[in-house]
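The values are calculated or read from the model by the stated rules, or taken from the named source; none is laboratory data. Because the structure is a prediction, the values reported are computed rather than measured. A quick note on method: Cβ atoms are made from the backbone with ideal geometry, for glycine too, and the neighbour counts reach across all protein chains shown. We work out accessible area using only protein heavy atoms, side chains counted, and drop any ligands, DNA or RNA first. Shrake-Rupley method; radii C 1.70, N 1.55, O 1.52, S 1.80 Å.
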Number of protein chains: 4
Amino acid sequence: MIAVIKIGTPQSQVDNLIDWIESQNVSVHVSAGHYQTVLGLIGDTSKIDMELIENLDIVDTVKRISEPFKSANRKFHPDDTVVDVSGVKVGGGNFAVIAGPCSVESHDQIIEVANKVKASGANMLRGGAFKPRTSPYDFQGLQADGLELLIEAKKQTGLPIVSEIMNANHLDLFEEVDLIQVGARNMQNFELLKELGRTKKPVLLKRGLANNLKELLMSAEYIMAGGNENVILCERGIRTFETYTRNTLDLAAVPMLKELSHLPIIVDPSHASGISRLVKPMAFASVAAGADGLMIEVHNDPLNALCDGAQSLTPEQFDDVSKKVQRILEVVRS
Amino acid sequence: MIAVIKIGTPQSQVDNLIDWIESQNVSVHVSAGHYQTVLGLIGDTSKIDMELIENLDIVDTVKRISEPFKSANRKFHPDDTVVDVSGVKVGGGNFAVIAGPCSVESHDQIIEVANKVKASGANMLRGGAFKPRTSPYDFQGLQADGLELLIEAKKQTGLPIVSEIMNANHLDLFEEVDLIQVGARNMQNFELLKELGRTKKPVLLKRGLANNLKELLMSAEYIMAGGNENVILCERGIRTFETYTRNTLDLAAVPMLKELSHLPIIVDPSHASGISRLVKPMAFASVAAGADGLMIEVHNDPLNALCDGAQSLTPEQFDDVSKKVQRILEVVRS
Amino acid sequence: MIAVIKIGTPQSQVDNLIDWIESQNVSVHVSAGHYQTVLGLIGDTSKIDMELIENLDIVDTVKRISEPFKSANRKFHPDDTVVDVSGVKVGGGNFAVIAGPCSVESHDQIIEVANKVKASGANMLRGGAFKPRTSPYDFQGLQADGLELLIEAKKQTGLPIVSEIMNANHLDLFEEVDLIQVGARNMQNFELLKELGRTKKPVLLKRGLANNLKELLMSAEYIMAGGNENVILCERGIRTFETYTRNTLDLAAVPMLKELSHLPIIVDPSHASGISRLVKPMAFASVAAGADGLMIEVHNDPLNALCDGAQSLTPEQFDDVSKKVQRILEVVRS
Amino acid sequence: MIAVIKIGTPQSQVDNLIDWIESQNVSVHVSAGHYQTVLGLIGDTSKIDMELIENLDIVDTVKRISEPFKSANRKFHPDDTVVDVSGVKVGGGNFAVIAGPCSVESHDQIIEVANKVKASGANMLRGGAFKPRTSPYDFQGLQADGLELLIEAKKQTGLPIVSEIMNANHLDLFEEVDLIQVGARNMQNFELLKELGRTKKPVLLKRGLANNLKELLMSAEYIMAGGNENVILCERGIRTFETYTRNTLDLAAVPMLKELSHLPIIVDPSHASGISRLVKPMAFASVAAGADGLMIEVHNDPLNALCDGAQSLTPEQFDDVSKKVQRILEVVRS
C-alpha cells in the first residue's frame, strides 16, 4: 500500500502517522520526493483500513498494490485447479457442458430433457428448484419437490446435477446435488458463502449483476477461506445501459479471470441475453474466449415454461450448438 | 400489457396466441392498425411471463403498462405511511435523525456516542454488530456482543436502536432492536426478506448498489406481501463510473419514490460518499430533496475506528449538521 | 405509441388530449379498459414528443412501440448491406480484417507494419493520424503528415486505408482515405455525422463508451438520412464497473445488431480490453459471435509505441490470430 | 507514478526498464521490498504512457499518483475562480440563476419568458438555438434565427445570455452570446474545446452522460491549456440503471469538484430528471450541496414546447423555486 502525503505537511504529523501504521504491525518505507512524500506500507496490509488513512487531513491519496485475494490468486497457485464434480472434471483442459431447464416442472419434463441433453453431449444436468424472483408474486420453484425430481433424473441418466441454493438452512436438501450454485443476487450473501465454505461440496459461484472481477474473487475467497477449494466461477452477464439484451455478457472476464486466478471459469449465455436467438452465437463466443465450460438452458416446450422460457433452447437447437462448440474448442486449443 | 405483432403474421397464428393468453385467465383486446396489430392484455397480467411472449416468432415487442408492485404503490394507498419505531414516528411529516458509529466497538464508545448524538438531536441510535465486508479477512463486527452493547446504550439513553441483520437465523438476537436494517448487498436476499415479512418489526430497507427504484419497491413488496407493512426505504448511493466518491447518491430517488410509493424514505449520506467531508453537504441536500430522515455515522475517534472511519463525522460536526438540517427543513416545508 | 391515462381522469380532459394529438397529424385509437384507458397513436409518431405527453397530469405512462430508426432498420431492408471499400467488400458474408498501428509514427513504421499485416491476411490498413486524447498534454497524432504516410503505405501495398476524423473541416485531407472512422467520443457529434452524410465515403461508426444499440443506430441514421448509406458499425467496448479491463466488449451486440439492422458490424478487440494479452481470445470470440470483420492494432515495437502500445499485437501474434480466425469462421458459417 | 515489478523478475530486466524510463526524462526511485520491488517515477510523468508500462511482462501494476489536470487543479490555485459573464459574477460566493426555455421558439415566447424569469430573480437567460437531438428527424432548433431572438431578449432585459454551440464553425454567430455552453455529448469533442480555448469567452462545460469528474476536469483543461480560464463546470446528471428518471443527478460532484478544482460549479436539475415535478426538490438539493448556481428550464406553455417541455417549469413555479433557493443559500452559508 502506498500513501501520498499532502504538500506542506509538517514532519511531526507525518511521524505520527508512521507511528500509528507501525503500531498495526506494518513497516513503513519513506520516499521523500521533490514535491511529495510517499509512504510505502510493507507487510500484511490486508488489515489496514485504506479509506481511514485516505480520509486523514495530511493524506492526499492511498493506493493498494497487492491483490486482496489470496487463496484464489494464481500468483500463489500457478497451476489450473481442476474441480471434480462427482467424476466430471472441470478446468485444466476439461470442458463442462451443463444443460437443462431453467425450472424443474414435472417428472416427465426433467427426465425427457435430461435424456436429450445427455444424448447431445451434456455432461451435467441443471434444473432450478428454488428460484430467486424479483417479484414475490412470481413462481418461486417447486423447491424440495423439484430437487427430488432432479435427483430422480440423475439416477436415470447418471449425469451429476446442478441446482441453486438460496438459504443455508436448505443445505440438507442439497446433499445429493453434485454442484451447488450460488446465484448472482447472492454473490455477496456472505453468510451463505461462509456456510458453503464449511462443506466440501463443489460450488458454482455466479458473478453478481453489478460486481467486478475483484469482488467475484473476494466472494470465492470467502468460500475458500473456510476450507472449501472446490469453486467454479461463472460469468453470466452484468448490468449495463443496453436494453435490447437483458444483461451484457462480459467475455473478456474469461481470459482475465484465468490470468488472475487458477479457478475454472464457465459461462452462462442463456441468462445473459435473455433471448434464445442469442444463445447460440454467445455460446460459440464463450468457447472461443477460452471458457472451461458452458451452462445452457434447454426446454422441451419453451412456450409453456413456467419461467425464463424466453431464453431456452429446444433440444434440437442445443444439439447443433453442442457439436459446433467441440469444433471451435479444437481450433482454439490447437 | 401490450404485445405488438410482427407485420405479415398470418391471422391463424395471432389467434393461437390469443387463445393461449386467454387460457391464462387474461382477456385480450385486439387493435388492428394500418401497419401493426397490437394486443392489449387486460386483467391480472402479473402471472404472464413477459419475456416468454416477447420471444415468440410472431411478436415484435411487449410492454408492461402497470407497475408490478401493489402493496407499496401509492396508487392504491394515497396517504403517506407513518412507521412507528418504538414511539419515534417516521414519514408523513415526521423526520428521523438516526446517528451512531459504523461498528459498535466497546461499551464506552457506544455509550459516549449515544449520549452525544442524543444531545445533538438524534432520535434513533445506529450501530453495526454484524458487518458485511467484501473481504473475509476484514473485521466482521462484534456480532451478538455488539448487539448487547447497543441494547445497553438504548437503556441508558432511551433512543430506539437500529442495526443490520445478515441472516434470518439471527432474528432472535434482534428482539430488542427497534428497527432492523437490511443492507444494500442483501436487498435481493429474498429468503431474508420473506422472514422479515413474517415479523411485525419495522424494517429499514437499503437500496442495492446497482438496483433501480422498481427493484427496491419489489423488495419492499416481498416484506409487505408477508404481512409486515412497517417498511422504511433508504437511499444510500448507487454504483456509477465515478471513482472520486465511493458511490453516487441518487437524491432524485427521494421525490421519485414519494410519488411512486407511500412508504417513508430516508437517506444515508455517509456510506454513499465514503468521505466524511462530503457528509455535511450531502445531508443538507438530502433534506432539501424532501427526505423523511437521515442516517449518519458519528464516531468519537475516527482514526481508530475499526471500519469505515473514513466516512464518520465527529460529534461536533454532527451537531452542526443536525442544527442546520432543521433550518433547511423549515424552508423546504414552508 | 401508447399512452395510458390515469385512473379517474374526466372524459373532457381525455378528449382535449386526443384533439391535441390529432392536431399533430396522428390518429388515435381509444381502448377503454376496466381499470385504465389506453390511447394508441397511429401514424408517423416520430414527431411526437414522448416526454411531453408523459409529463401531463392526466397521463400515467407512455410507451413507444416502433423503432425510431428507419434507414438502418432491417424491417424495411431485409437483405444484408454490403459496403464496398475501394474494392474490399464488407458484410453479407464478406469478412474484413483491418490491421495496423494505433498511431502512424514514421514512414518506416507504417510501411513495415502494412507489409506484414498484408502478408498475414489483412485486407485493410488502419493507422491513426488525428488522435482523440483525454489529456491536452498527450500526443495528438502526426495529423496531416500521418495521413500522407498512410496514403504512401496504401500505394505500396494496395490496401485500402482507414483513419479517424475528428473535425468536419478536415474532410479534404481525407479524400484518399477509403474508410473514414468516427470514434466512440464523436458518436454523437451530430454536426460531424451530418457532414459525413453529405459525402459518399464509407464510414466506420464506432459505438460510444456509454451508448446503447438504439443510439448507435440513430447515429447511423444521421449519416444515412443525408444520403450516405455506406455505414459499417463497430463494437469497441462499453464502460462498466469492471476495472481490470479498460472497457467491456459487448459481443451480444453483434447478433443483436444483425437482427435490428442490415448494416455490417465489425469488432475492435484491441481498444476494448486495452491489454494485448486479451486481444487474441476476444478476436476469436468476436468471429464466433458472428462479426463481419475485425479491427486489430498491430505494432512492430510495442514498447516504443507513442500511444496505446499496451493493446497492440506484434506482427507474429497477429499472424497466428488471423489464421485461426479463418478456421473459426468456417465452423460458425457451416 | 508507481510501478510494481512482478515477483521473480531478473534484475537485468528491471534495469532495462529503469533505463527506458530515465530516457523519457523521468527519474526513478527504487524501493526493494521483501516481496516486491516498487519503482517510483519522479518528475513530469504526464508524458509517460501508463498502459504501455502496465503491459510489460515484468510489470504487475502501475498506479498514477498525481492528478493529470493542472490548470484546473485547486492544489496549484487555492482560491476560488470567479468568472465574469458580462458583469454577472459566478463563483467565489456569487450565485448564478440561469433560466429560460429549452429552445428559443419565437420572438414573443423568448421575450415573455425573459421578462418573467428576470422578475423572479434570474440573472442570466438561457435558450437553445442549436439543439443536439438523438434522432435526425427531431427538431434541431431555430439555429441562427434562434440566436437572433435571444440577442433581442438580451437587449430588452439586460440579462447576459447562454446558448449551446455544437460546431466551432459557428463561433462567429456566438459573438454576442455571453456564456457559451458545451453540451454533455460534446464534452469530449476535443476539437471544439481547443477552439474555445483560443477565445476569451466564458464557457459553460457540461459533464458528459457517462464521464467521471476527472474526465470533466481534463476537458476543462483542454480549454484552459489554450489560454481561456473562464470555465464554469456544470453537473447535469449521469447515466445509470435507473429508468424512472432520465439521468441521475450526482450532487456529491458539487463538493467533490470544489475540493479538486477552483472553478465554479453549477447544476442543471432540469435535464437531469427530465420530469418537471422533480426540478424543484432537485434545485433545492443542489443549492444545499453547495452549488455556485442553477440552470433551470422555464417555459410559458409546456404543452406546446417543441422540445423537452416535459422538464420545464412554468414561470410561477420558477418564482417559488427562486425565492426558496435564496433562503436555503442563507442557511448553508451561515
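Are there any helices (runs of 4 or more DSSP H) wholly within region A:241-292 with 1 or more residues that are under 16 Å from A:ARG207 (Cα atoms), open to solvent by 10 Å² or more (accessible area, probe 1.4 Å) and in contact with a helix residue (DSSP H, G or I) (Cβ under 7 Å, 6 or more places away or on another chain), and if so which?
Values: elements: A:253-260, A:269-273, A:276-288.
Answer list for region A:241-292: A:253-260, A:269-273.
Of all residues in region A:30-59, which are at pLDDT 80 or above and either surrounded by fewer than 18 Cβ atoms within 10 Å (Cβ to Cβ) or within 14 Å of chain B (Cβ to nearest Cβ) (or both)?
A:VAL30, A:ILE53, A:ILE58, A:VAL59
Which ones in region C:321-334 are touching a Lys or Arg at 6+ places or on another chain (Cβ under 6 Å) and farther than 16 Å from C:ALA289 by Cβ?
none
On the basis of being in contact with a Lys or Arg (Cβ under 8 Å, 6 or more places away or on another chain), open to solvent by less than 20 Å² (accessible area, probe 1.4 Å), in a helix (DSSP H, G or I) and more than 7 Å from every other protein chain (Cβ to nearest Cβ), does A:PHE318 make the cut?
Taking the combined requirement at face value, the residue satisfies it.
Picking from B:GLU175, B:GLU191, which residue would you name as being surrounded by fewer than 24 Cβ atoms within 10 Å (Cβ to Cβ) and either within 21 Å of D:GLU242 (Cβ to Cβ) or facing chain A (nearest Cβ under 10 Å) (or both)?
B:GLU191
Confirm whether A:LYS200 is within 10 Å of chain B (Cβ to nearest Cβ) and surrounded by fewer than 20 Cβ atoms within 10 Å (Cβ to Cβ).
Answer is no for this residue.
Within region A:60-102, take every residue that is in contact with a Pro (Cβ under 8 Å, 6 or more places away or on another chain) and open to solvent by 60 Å² or more (accessible area, probe 1.4 Å) and give me the one that is nearest to B:ILE275 (Cα to Cα).
For region A:60-102, the residue satisfying everything is A:ASP80.
Looking only at region B:299-313, decide whether some residue is modelled with pLDDT of 95 or more and more than 7 Å from every other protein chain (Cβ to nearest Cβ).
no
Go through region C:172-184 and give me each residue that's part of a loop (DSSP other than H, G, I, E, B) and under 30 Å from C:LEU213 (Cβ atoms).
To start, the set of residues in region C:172-184 that are part of a loop (DSSP other than H, G, I, E, B) comprises C:175-178, C:183.
C:VAL177, C:ASP178, C:GLY183, listed by residue number.
Taking into account only those residues within region A:136-171 that are within 14 Å of another protein chain (Cβ to nearest Cβ) and of a type in the set (Asp, Glu), which is surrounded by the most Cβ atoms within 10 Å (Cβ to Cβ)?
A:GLU164
In the set A:PHE95, A:PHE69, A:PHE76, which member is of a type in the set (Phe, Trp, Tyr), under 30 Å from A:GLU330 (Cβ atoms) and under 26 Å from the mean Cα position of the chain (by Cα)?
Of A:PHE95, A:PHE69, A:PHE76, the one residue that is of a type in the set (Phe, Trp, Tyr), under 30 Å from A:GLU330 (Cβ atoms) and under 26 Å from the mean Cα position of the chain (by Cα) is A:PHE95.
Is it the case that D:GLU259 is more than 14 Å from chain C (Cβ to nearest Cβ), more than 23 Å from D:VAL321 (Cβ to Cβ) and free of Cβ contacts under 8 Å to residues at least 12 places away in the same chain?
So D:GLU259 does not fit the description; no.
Residues of region D:132-171 being in a helix (DSSP H, G or I) and within 23 Å of the chain's Cα centre (by Cα), which ones? If you could, list the steps in order and put the result at the bottom.
Applying the first criterion (in a helix (DSSP H, G or I)) to region D:132-171 yields D:144-157, D:168-171.
Within region D:132-171, D:LEU147, D:LEU150, D:ALA168, D:ASN169, D:HIS170, D:LEU171 meet the criteria.
All but one of (1) out of contact with any helix residue (DSSP H, G or I) (no Cβ under 9 Å at 6 or more places or on another chain); (2) over 24 Å from A:GLN317 (Cβ atoms) hold for A:ALA168; which doesn't?
Every listed condition holds for A:ALA168 apart from (1).
Filter region C:1-22 down to residues that are within 14 Å of chain B (Cβ to nearest Cβ) and loosely packed, with under 14 Cβ neighbours inside 10 Å and give me whichever is nearest to C:ASP60 (Cα to Cα). Even if it seems obvious, please write down each step before you answer.
Restricting attention to region C:1-22, the residues satisfying the condition of being within 14 Å of chain B (Cβ to nearest Cβ) are C:1-9.
Going one step further and asking which of them are loosely packed, with under 14 Cβ neighbours inside 10 Å, we end up with C:7-8.
Working: C:ILE7: 8, C:GLY8: 11 Å.
This residue is C:ILE7.
With the checklist (1) part of a loop (DSSP other than H, G, I, E, B); (2) closer than 27 Å to C:LEU142 by Cα in hand, flag the one item C:GLN109 doesn't pass.
The failed condition is (1).
Any residue at all in region D:103-123 that's open to solvent by 10 Å² or more (accessible area, probe 1.4 Å), more than 20 Å from D:LEU147 (Cβ to Cβ) and in contact with a Ser or Thr (Cβ under 8 Å, 6 or more places away or on another chain)?
yes
Determine, yes or no, whether A:ALA272 is more than 20 Å from A:VAL83 (Cα to Cα), facing another protein chain (nearest Cβ under 10 Å) and in contact (Cβ under 8 Å) with a residue 12 or more places away in the chain.
Answer is yes for this residue.
What number of residues within region B:207-221 satisfy the criterion of being open to solvent by less than 10 Å² (accessible area, probe 1.4 Å) and among the charged types (D, E, K, R)?
Result for region B:207-221: 2.
Name the residue, out of B:ALA283, B:ALA288, that is closer than 25 Å to B:SER120 by Cα, touching a Phe, Trp or Tyr at 6+ places or on another chain (Cβ under 6 Å) and hydrophobic (A, V, I, L, M, F, W, C).
Criteria check complete, one pass: B:ALA288.
Residue check, D:GLU176 against (1) within 24 Å of D:HIS262 (Cβ to Cβ); (2) at pLDDT 95 or above; (3) charged (D, E, K, R), all met but one. Which one?
Here D:GLU176 clears every test but (1).
Kindly provide the set of residues from region D:222-234 that are open to solvent by less than 20 Å² (accessible area, probe 1.4 Å) and more than 16 Å from D:GLY183 (Cα to Cα), ordered by number.
Keep residues of region D:222-234 that are open to solvent by less than 20 Å² (accessible area, probe 1.4 Å), which gives D:222-224, D:228, D:231-234.
The answer is D:MET224, D:ASN228.
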